[in-house]
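What follows is calculated from the coordinates using simple rules that are stated; it is not laboratory data. If you're wondering where the values come from, they're calculated on a predicted model, not measured in any experiment. Cβ: placed from backbone, ideal geometry, glycine included. Neighbour counts: every protein chain shown.
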Amino acid sequence: MSIAAPTVRSLARELGLSRTTVSDALRGAPRVDLRTVQRVQEAARLAGYHRNPLAAALMSELRRSRGSTFRGVIAAIDLDEPDRPAFAARFHHELVVGAAARAEELGFKVENFVMGRDGGLSVPRLDSVLQSRGIHGVLLLPAWYEPDLSQLDWKRYAGIYTDYIIERPALHSVSSDHHRAMLAGLARLAARGYRRPGLVLHRHNDERLQHRWSGAFRAFQENQPGIEAIAPLMSTALTRDEFVRWFRRFQPDVVLCHNTEVMEWMEGCGAVVPDTHGFVSLNLVMKTRPCAGLDLQPHVLGARAAELLVAQLQRNERGVPEWPTTTMIPARWVDGPSLLTASRPLAPVAAPVPATPPARRRKSVAP
């Protein structure tokens, strides 16, 4: 049989005080005698009473606004990082728009905070601002490098990370399902007759996702009959020359890449997109020209993150979770003019560059 959680009402009854006095004493209101405050807070501690900051904020807001709609605040934290690609800002914007729309439906609003360089907040300063504002919900946007917010006083906050994994601290997270997106996309390409898919990735982008892009690509190559294996091009700073060498050597009939400028490089090699070769964007937020690709649905990702964060606040769950979970959001396939609409054989651009044969050794002749 469950035991009812202690409340202000039950504490007041036990102590022989009014509910208003107990409530004010728990808040440390100066109108209550200090000895009464100490007595009430000690009784609350022994009973295991935990004050719900969201309920307290609601009552405070209702008292100030005389019954108008309460709007809680969620802090969307963005990290100003060196070397982060410019496209990340577009993805983050779409994510926050989705989070803000869903949060508004749930009675909250989202406010942006920037940490890091060029006037951004430090972690201690952010902690101070959030506490002074009475903000208890933290929505951390994707970080290019491993984020560290362990210095925040997490017993005060509920948090959601909007990317694959965070360790400092280990929070619940909402992420695009990159592995599933790659497998589904390659299956579509195979159904249209593409047999030599080639993958081009920024090495760090794959590493920060624990190789979910490249791992799914290699698994598909190994397990899908009729697919010819092509080594992915993993680059730290992709250049035209590096791509052209790879493209001419391996002759992919369709290229999967984040950078849509690659289509121009393919055409420079003699390819005609989509007549002879196809192209798929791995994140359509990044596209600079019309093409087929994967919509990683940042709006949906943000909305789901807001839902999970508000649910934690409503349950008064704060702190680092004992068992952090990851919610995966599937990508949406979008057709475009960079792919054939029906299966047809594709012509190669040029013959593969032959390997240089080893020099022959001359036989020695006895004098």
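Each Lys or Arg adds one and each Asp or Glu takes one away; over the other residues whose Cβ falls under 14 Å from the Cβ of Arg39, this sums to -2. Between His204 and Ala170, the simple spin-label model (points 7 angstrom out along Cα→Cβ) gives 2.6 nm. When each of His136, His93 is scored by the number of other beta-carbon atoms lying within 10 Å, the sequence from fewest to most is His93, His136.
The angle separating the long axis of helix 53-65 from the principal Cα axis of greatest extent in the chain is about 70 degrees. Close amide-amide hydrogen proximity is noted between Ser338 and Ala292, each under 5 Å apart and 5 or more residues distant or on a separate chain (H modeled in the peptide plane; Pro and chain starts excluded). Place a point 7 Å from the Cα of Arg249 along the Cα-to-Cβ direction; which residues of region 186-208 have their backbone N under 19 Å from it? Of the residues in region 186-208, 196-204 have backbone N under 19 Å from the label point off Arg249.
Comparing Leu121, Leu256, Leu294 in a Gaussian network model of the chain where C-alpha atoms under 10 Å apart are linked, the largest mean-square fluctuation is found at Leu121. Annotation for Asp275 and Arg35: the two label points, set 7 Å from Cα along the Cα-Cβ direction, are 9.6 nm apart. Contact order normalised by length for the chain, with contacts defined as Cα pairs under 8 Å and 6 or more residues apart; what percent is it? Once normalised by length, the contact order is 19 percent. Name the long-range amide H neighbours of Val254: under 5 Å, sequence gap of 5 or more, or other chain; modelled H, no Pro or chain starts. It is Arg196, Gly198, Gly278, by chain and number. Residue order for Cys291, Cys269, Cys257, fewest other beta carbons within 10 angstrom first, comes to Cys269, Cys291, Cys257.
Spin-label model, Lys155/Arg19: points 7 Å from Cα along the beta carbon direction are separated by 2.8 nm.
For region 100-113, the Karplus equation 6.51 cos²θ - 1.76 cosθ + 1.60, evaluated at θ = phi - 60°, returns couplings of 5, 5, 6, 4, 4, 5, 9, x, 10, 10, 9, 10, 8, 10 Hz by residue, with Gly and Pro reported as x. Shown is the FRET efficiency for Glu242 and Val123, computed with R0 = 35 Å from the Cβ-Cβ distance and rounded to the nearest 0.05: 0.40. Once the Cβ-Cβ distance of Ala101 and Glu146 is raised to the sixth power relative to R0 = 25 Å, the FRET efficiency obtained is 0.30. Between Glu261 and Arg180, the FRET efficiency from the beta-carbon distance, with R0 = 30 Å, is close to 0.65. Shown for Lys155, Lys287: other C-beta atoms within 10 Å of each C-beta, ranked fewest to most, produce the order Lys155, Lys287. Dividing the summed -39500 (n - 2.57) terms of all DSSP H runs of n ≥ 4 by the residue count of the chain sets its mean residue ellipticity at 222 nm at -11500 deg cm²/dmol. Taking amide H positions as modeled 1.01 Å from N, with prolines and chain starts lacking one, the residues under 5 Å from Leu171 and 5 or more places away or on another chain are Ile166. Taking θ as phi - 60° and the Karplus parameters 6.51, -1.76 and 1.60, the scalar couplings of region 290-296 work out to x, 6, 7, x, 9, 8, 6 Hz in sequence order, x denoting glycine and proline.
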